[in-house]
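S.K.: Below is a structure I'd like to ask you about.
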Amino acid sequence: MELKLTIGLKCKEEKTVSMDDTASVFGSGAAEVFATPMMIGLMEAAAMKAVKDYLPEGHSTVGTLVNIKHLSATKVGKKVWAEAELTEIDRKRLTFKVTAFDEDKKIGEGSHERFIINEEKFMNNLK
């Protein structure tokens, strides 16, 4: 499998925080603020999209590790975004630097690993 990936690939994923994105609705806390799992999901989406166009047909990535700090709360109605940058390629293991922001400040940071998979083989192994 030939990879066309290069260190430094980046992507930004954004959304506006709704009630469905809050810790109280998600079940990860009681506050009506942007939930940590939702922030992590935004970070993962940015990482996945950063490399998807550079993978061979029939291949994608799956998340395998997150090491994230949620630094600050964000209220409903604020725009949030996550940025992912590919920092390491080790065969099929990809490592990303991830950061998240709202309109006022940095709200999260850390690292995220994804593995390249052959989608058909991956799904067949689950049967």
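The values are calculated or read from the model by the stated rules, or taken from the named source; none is laboratory data. Here the structure is a predicted model, which means the values were calculated and not measured. Quick reminder, even Gly has a Cβ in these numbers, built from the backbone with ideal geometry, and neighbours come from all protein chains shown.
S.K.: Residues that are exposed (fewer than 15 other Cβ atoms within 10 Å of the Cβ), touching a Ser or Thr at 6+ places or on another chain (Cβ under 7 Å), of a type in the set (D, E, K, R) and within 13 Å of I116 (Cβ to Cβ): does region 40-52 have at least one?
M.R.: Step one: list which residues in region 40-52 are exposed (fewer than 15 other Cβ atoms within 10 Å of the Cβ), which gives 52.
Filter again for touching a Ser or Thr at 6+ places or on another chain (Cβ under 7 Å), leaving 52.
From what is left, the residues that are of a type in the set (D, E, K, R) are 52.
Going one step further and asking which of them are within 13 Å of I116 (Cβ to Cβ), we end up with 52.
Yes, there is a match, as at least one residue in region 40-52 is exposed (fewer than 15 other Cβ atoms within 10 Å of the Cβ), touching a Ser or Thr at 6+ places or on another chain (Cβ under 7 Å), of a type in the set (D, E, K, R) and within 13 Å of I116 (Cβ to Cβ).
S.K.: Please work out if T22 is hydroxyl-bearing (S, T, Y), more than 24 Å from F122 (Cα to Cα) and buried (at least 17 other Cβ atoms within 10 Å of the Cβ). Lay out the reasoning, then the answer.
M.R.: Working: hydroxyl-bearing (S, T, Y): yes; more than 24 Å from F122 (Cα to Cα): yes; buried (at least 17 other Cβ atoms within 10 Å of the Cβ): yes.
For T22, the condition - hydroxyl-bearing (S, T, Y), more than 24 Å from F122 (Cα to Cα) and buried (at least 17 other Cβ atoms within 10 Å of the Cβ) - is met.
S.K.: Additional query: Residues to consider are G110, G77, G41; find the one that is of a type in the set (G, A, S) and assigned to a strand (DSSP E or B).
M.R.: Details: G77 fails: assigned to a strand (DSSP E or B); G41 fails: assigned to a strand (DSSP E or B).
Among G110, G77, G41, only G110 is of a type in the set (G, A, S) and assigned to a strand (DSSP E or B).
The rows are residues; the columns are (1) within 16 Å of G8 (Cα to Cα); (2) among the aliphatic types (A, V, I, L, M); (3) modelled with pLDDT under 95.
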residue: L42; (1), (2), (3): no, yes, no
residue: P56; (1), (2), (3): no, no, yes
residue: K79; (1), (2), (3): no, no, no
residue: L86; (1), (2), (3): yes, yes, no
residue: D90; (1), (2), (3): yes, no, no
residue: S111; (1), (2), (3): yes, no, no
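S.K.: Out of S72, S28, I need the residue that is surrounded by 12 or more Cβ atoms within 10 Å (Cβ to Cβ) and either touching a strand residue (DSSP E or B) at 6+ places or on another chain (Cβ under 8 Å) or closer than 18 Å to K10 by Cα (or both). Which one? So that I can check it myself, show each step before the final result.
M.R.: On the way: S28 fails: either touching a strand residue (DSSP E or B) at 6+ places or on another chain (Cβ under 8 Å) or closer than 18 Å to K10 by Cα (or both).
Step by step, each of S72, S28 is checked, and only S72 is surrounded by 12 or more Cβ atoms within 10 Å (Cβ to Cβ) and either touching a strand residue (DSSP E or B) at 6+ places or on another chain (Cβ under 8 Å) or closer than 18 Å to K10 by Cα (or both).
S.K.: Find the residue count for region 94-107, including only residues that are farther than 23 Å from I7 by Cβ and assigned to a strand (DSSP E or B). Walk me through how you get there before you give the answer.
M.R.: Initial filter on region 94-107 (farther than 23 Å from I7 by Cβ): 102-105, 107.
Pick out the ones that are also assigned to a strand (DSSP E or B) and you get 102, 107.
Within region 94-107, residues that are farther than 23 Å from I7 by Cβ and assigned to a strand (DSSP E or B) number 2.
S.K.: Another one. Pairs, please: C-beta under 8 Å, at least 6 apart or cross-chain, first residue touching a residue at least 24 places away in the same chain (Cβ under 8 Å) and in region 1-23, second basic (K, R) and not in a strand (DSSP E or B)?
M.R.: Final answer for the pair search is C11/K49; E13/K49; T16/K78; V17/K78.
S.K.: If K12 satisfies every condition in (1) of a type outside the set (A, V, I, L, M, F, W, C); (2) part of a helix (DSSP H, G or I); (3) surrounded by fewer than 19 Cβ atoms within 10 Å (Cβ to Cβ) but one, which is the exception?
M.R.: Every listed condition holds for K12 apart from (2).
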